[in-house]
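This report refers to the structure that appears directly beneath it.
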Amino acid sequence: MANYRILLTGGGTGGHIYPLVAVAQKLPLGSDLRYFGDPEEFREYLQQSGIKIYKIASSKWRRYFSIQNFIDIFKFLWSLTQGLWKIFWFMPDVAFSKGGPGALAISLVCRFYRIPLVIHESDTTPGLTNKLSAGGARKIDLAFAEAHKHFANFKKAEINIVGQPIRAELLSEESGSEAKKSFGFEPSTSLVLVMGGSQGAETINDFILNNLANLLNKFQILHIVGPKNHPEYKREFDFVSQKMDKSLLKRYRYEVYLTDNLRSAYDASDIIISRAGSGSIFEIAAKGKPSVIIPLPTSANNHQEKNAYAYVESGAAIMIEEENLLENLFINEVSKILSDNNTYSKMSAAANSFYKTDAAEKIASDIMELASK
């Protein structure tokens, strides 16, 4: 079998890196896989996945006035220069882009060198990078059918609805009771998993902390606070927890971030509270868990709210807008789902139906089809 040279690129968040790795896991063994971009804290994760890293400066265009936009113009020009030089010496058979900050320069360089390009859009409303990259793409793969209309004018590209690639390590399962025990929770009591994606969610963190005692009277909570929010959260939690009943605190555990044991967190949970990033939505769907989705109101093009609407419409989740995130409403909605077996089963089945099991395989197949031409 030929040893194909495959370029991977995407922004440096979990929403970009995890799908890249999920697709890489489905590419032929022996392929020369190289990531061009800025992986930030995911450098080690990429390397462990057998992907070589070539650092390219990352730039971002903000849809509001910021002096950083002027600085990033020069960073973008520098990333083009880096890409032209480094990709020339690799000259891949095909490139795959997940979009996001830093990926546009790489996609443009690939177009300049006439390298076949596959892009994947995770959200219902595409990001700026994928919109600008689509003109040079041979194949455009989409997670949500709702995104198709945004690419309909690109007649030269084949457009496919494939779903969102999910890492293989998340898909195996352990019993909920054993998973709860592994985190120190009581197996017979409902567990709520609260997470805000790889970047965390400050508003959700504040809500949990401000209402912690009342929430713990109802549920056990496993809470992923995010690395950027952790120092401040730890200070506030240490202060608040001094006044709380120690037996009640046994029903709560927070983590900075979960990578190796995120699968166990999903399996331990009975219901999941999450932002509406596409990666989180499709991972929740893959695990068949009912969820409460709280979209980030400041997301670009309001894509999180649109993602949330698409997922809620499937019957797998309910949505609470951030401005309506109130203690009584939250407790009532979560309790209603957990206490009604019929509702719970229907939401779980809807989640399983929403998830497309072969997304990574389909994208890998598209990549290899172009690489072998």
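The values are calculated or read from the model by the stated rules, or taken from the named source; none is laboratory data. Not measured: the values here are computed from a predicted model. Cβ coordinates were reconstructed from backbone atoms using ideal geometry, including for glycine residues, and neighbour counts include every protein chain displayed.
Structure notes:
Rundown of residues vs (1) modelled with pLDDT of 95 or more; (2) more than 18 Å from G15 (Cβ to Cβ), yes/no style:
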residue: K181; (1), (2): yes, yes
residue: F185; (1), (2): yes, yes
residue: G196; (1), (2): no, no
residue: L215; (1), (2): yes, yes
residue: L222; (1), (2): yes, yes
residue: G226; (1), (2): no, no
residue: P231; (1), (2): no, yes
residue: E236; (1), (2): no, yes
residue: S241; (1), (2): no, yes
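- Boolean, I367 is over 24 Å from L216 (Cβ atoms), in a helix (DSSP H, G or I) and either in the same structural domain as H120 (by TED's automatic domain parsing) or touching a residue at least 12 places away in the same chain (Cβ under 8 Å) (or both): yes
- Just one residue in the set I318, I331 is touching a strand residue (DSSP E or B) at 6+ places or on another chain (Cβ under 7 Å), at pLDDT 95 or above and not acidic (D, E); that residue is I318.
- One residue stands out among those in the stretch 40-57 that are farther than 17 Å from G100 by Cα and in contact (Cβ under 8 Å) with a residue 40 or more places away in the chain: the one that is nearest to the chain's Cα centre (by Cα), which is Y45.
- Among the residues of the stretch 68-84, none qualifies, meaning not one is under 17 Å from T13 (Cβ atoms), in contact with a Ser or Thr (Cβ under 6 Å, 6 or more places away or on another chain) and at pLDDT 95 or above.
- Search result, residues across the stretch 139-175 that are among the aliphatic types (A, V, I, L, M) and more than 25 Å from A286 (Cα to Cα): A152, A157
- No other residue among R253, R235 is surrounded by fewer than 18 Cβ atoms within 10 Å (Cβ to Cβ), outside any loop (DSSP other than H, G, I, E, B) and without any contact (Cβ under 8 Å) to a residue 40 or more places away in the chain apart from R235.
- Within the span defined as the stretch 22-30, every residue fails to be at pLDDT below 95, buried (at least 20 other Cβ atoms within 10 Å of the Cβ) and in the same structural domain as E361 (by TED's automatic domain parsing).
- Residues within the stretch 272-294 that are surrounded by fewer than 24 Cβ atoms within 10 Å (Cβ to Cβ) and without any contact (Cβ under 8 Å) to a residue 60 or more places away in the chain, tallied: 1
- Of the residues making up the stretch 1-53, those that are part of a helix (DSSP H, G or I) and among the charged types (D, E, K, R) number 4.
- Across the stretch 319-329, not a single residue is classified as over 25 Å from L212 (Cβ atoms), aliphatic (A, V, I, L, M) and in contact (Cβ under 8 Å) with a residue 40 or more places away in the chain.
- If you go through the stretch 298-307 and keep only what is in contact with a helix residue (DSSP H, G or I) (Cβ under 8 Å, 6 or more places away or on another chain) and either of a type in the set (A, V, I, L, M, F, W, C) or not in a helix (DSSP H, G or I) (or both), you end up with S299, A300.
- Evaluated against (1) within 30 Å of H148 (Cα to Cα); (2) without any contact (Cβ under 8 Å) to a residue 60 or more places away in the chain, L29 falls short on exactly one condition, (1).
- The set of residues from the stretch 32-45 being more than 23 Å from D72 (Cβ to Cβ) and crowded, with 21+ Cβ neighbours inside 10 Å comprises just one member, L33.
- Within the stretch 64-77, the presence of a residue that is in contact with a strand residue (DSSP E or B) (Cβ under 9 Å, 6 or more places away or on another chain), outside the structural domain of S299 (by TED's automatic domain parsing) and surrounded by 18 or more Cβ atoms within 10 Å (Cβ to Cβ) is excluded.
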